[in-house]
Amino acid sequence: MRCRLQMLFQRKFKISLLFLLLLALLVHLVMDFALPTAHRPCGCDTKAPKAVGVLSGSPMPAGLKKLSLRILQDFSGSNGSLEKSSQPWRVGLHVRAGEPGVQQQHEEGNAGWTKGSKLAALFEHPLYNIPIPEVTEKDKLFIVNPMEKFSLHSSGSDEWVSSSKAETLLPTGKTAYDTYPTWLKFHVGINRYELYPRRDPLLPTLLRDLATQRIVSSVQKSGGTQLKLIMTFPNYGQALFKPMKQTRDQETPIDFFYFSDFERHNAEIAAFHLDRILDFRRIPPVSGRLVNITKEIRDVTTDKKLAKTFFISPAGNVCFYGECSYYCSTEHALCGKPDRLEGSMAALLPDKTLAKRRSWRSPWRRSYHKSKKAEWELNPNYCAQVRETPPYNRGRRLLDLIDMTILDFLMGNMDRHHYETFEKFGNDTFLLHLDNGRGFGTHSRDEPSILAPLQQCCSIKKSTYLRLQLLATQPYRLSDLLREALATDPLAPVLAEPHLWALDRRLGKVLAAVGHCLARAARQEEVLVDDVGSWV
């Protein structure tokens, strides 16, 4: 009897063990089949033609979709070493000991994005790791004295002074660069090729400073059509403040002229993040901020004209209107609740007395007249004329302008009458994408005329085109990326959802426009100008 019980127990144990093994195998099979494609180790599904084509519904021929797929595959193959090389963004960026260590810190991550996010994945993609040319002394906006250090007045002060007046110095071993305020590090890092690096560890700190630094002075910015303020911080950093004039869901009325529309604070914030996602990096950092009109504007202003425009509304709210060409009156006053007001804070570029900038009139500038049209609206061959005119007759200036056109079309910005460059770098440098407040005014309609430079010239940088294709795919969908980027802003949500959806629709139209150019061109190279791995 005892022997029989022992055999029965052993048999049951073996059966139970076999059952557990079968159950484990079944769980693994279920997980394998249920796991979404986006989360599998290999994202190289060659059976999905939409992965690198335009959005569904875009009028691109099937042949061009295959061409687009081949182009992106060719690029990924030819640049596979980018992912394996040691920090490709540092190639050629050598900093001598004692000089500002801007580039030495750029490998410290993706500017605060958490691992596993779509943004982090985007910035790890080979298309976002193409090295810039070597930055020489003449390619830097500033050459800083490596011996000049800065320190705080005291432990409880936000102000900094030169080392000759400082009470304490930083510990031995730190470079002079470590003593600079974040805004100064931003200025020192500007070079011929970029306003700030892709992997800039300063970015989160600079955005946080814009949103939280104490405001010690507030004056109205001269010029411009609408009210803007220059805010000064204790560490002498400055920012351009654009106050809130409209709610998120207000669209520009269809009968409004583009030049009479409101400027939007949230458009400035969204434009900065969109510009970065497109890898242009030509808009200075912008953060949202909730400002106290009483303590942070009225009580600290030295602008007598501005001070005269403050009043208390019948509802008991603190209001002001300043002086400007449009919308500066009691009828268009900016009022707090009761004294809290939203706005955008944009990091100011170096003063023009230190770093001169040249203003260029855009060849595709609008007429700014209620009935007259500009020449480019009447002449379909207008681009041929532009190509023969300096500085568009050589280098990458025209291609950079087309980049700016794509940014404006995605935002719906019709107000790009001028752009600027740093004078020190001549014609061989990037364009500054400043003043984006008239973007994101509409989401229910698109303005195809903004794409005129692309459509008339039928040229685009190959790197730009490949990135646009990437942003049309599900893992890197443009609306998702911008939504994630804007979620970190103090004023989130920055854009209403329909504006984010409109980005995907407009991106499809940009890719379709390039597709039409490719269909008409004798050679692909006539449309896609190869700038990958070289500086034209």
Sequence-distant residues sharing a close amide H with Arg357 (under 5 Å, placed H): Glu423
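Packing-wise, with mean Cβ within 10 Å as the measure, how do 350-362, 420-432 rank, highest first?
Highest to lowest by the protection proxy: 420-432, 350-362.
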Local electrostatic count, Leu20, Cβ distance below 13 Å [Lys/Arg +1, Asp/Glu -1]: +2
Cβ-based net charge around Asp446, under 9 Å, with every Lys or Arg adding one and every Asp or Glu removing one: +3
Peptides ranked, highest mean first, by Cβ atoms within 10 Å: ranges 478-488, 214-224: 478-488, 214-224
Gain in span if fully extended, Glu134 to Arg208, counting 0.36 nm per residue against the direct Cα distance: 23.6 nm
R0 of 45 Å, Cβ-Cβ distance Ala120-Lys12: FRET efficiency to nearest 0.05: 0.30
Förster radius 35 Å - calculated FRET efficiency between Thr389 and Thr302, Cβ distance, rounded to 0.05: 0.20
Area accessible to solvent at Arg394, 1.4 Å probe radius, in Å²: 130
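Compute the convex hull volume of the Cα atoms of segment 435-536, divide it by the residue count, and report the result per residue in Å³ as a whole number. Spell out each step's value before the answer.
Working: hull volume 15.0 nm³, N = 102.
Per-residue hull volume (Cα only) is 147 Å³.
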Extension reserve of the Glu375-Thr225 stretch, reckoned as 0.36 nm per residue once the Cα distance is removed: 51.5 nm
Amide hydrogen neighbours beyond the local backbone of Lys221, cut-off 5 Å, H modeled: Lys228, Leu229, Ile230
Linear extension gain, Arg445 paired with Tyr368, 0.36 nm per residue minus alpha-carbon span: 25.7 nm
R0 of 25 Å, Cβ-Cβ distance Leu23-Gln474: FRET efficiency to nearest 0.05: 0.15
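The values are calculated or read from the model by the stated rules, or taken from the named source; none is laboratory data. Predicted model only: the values in this text are computed from it and were never measured. Using ideal geometry, Cβ is built from the backbone for each residue, glycine included, and neighbour counts are taken over all protein chains shown. For the accessible areas, the whole protein counts, side chains as well, though only heavy atoms, and no ligand, DNA or RNA atoms are used. Shrake-Rupley method; radii C 1.70, N 1.55, O 1.52, S 1.80 Å.
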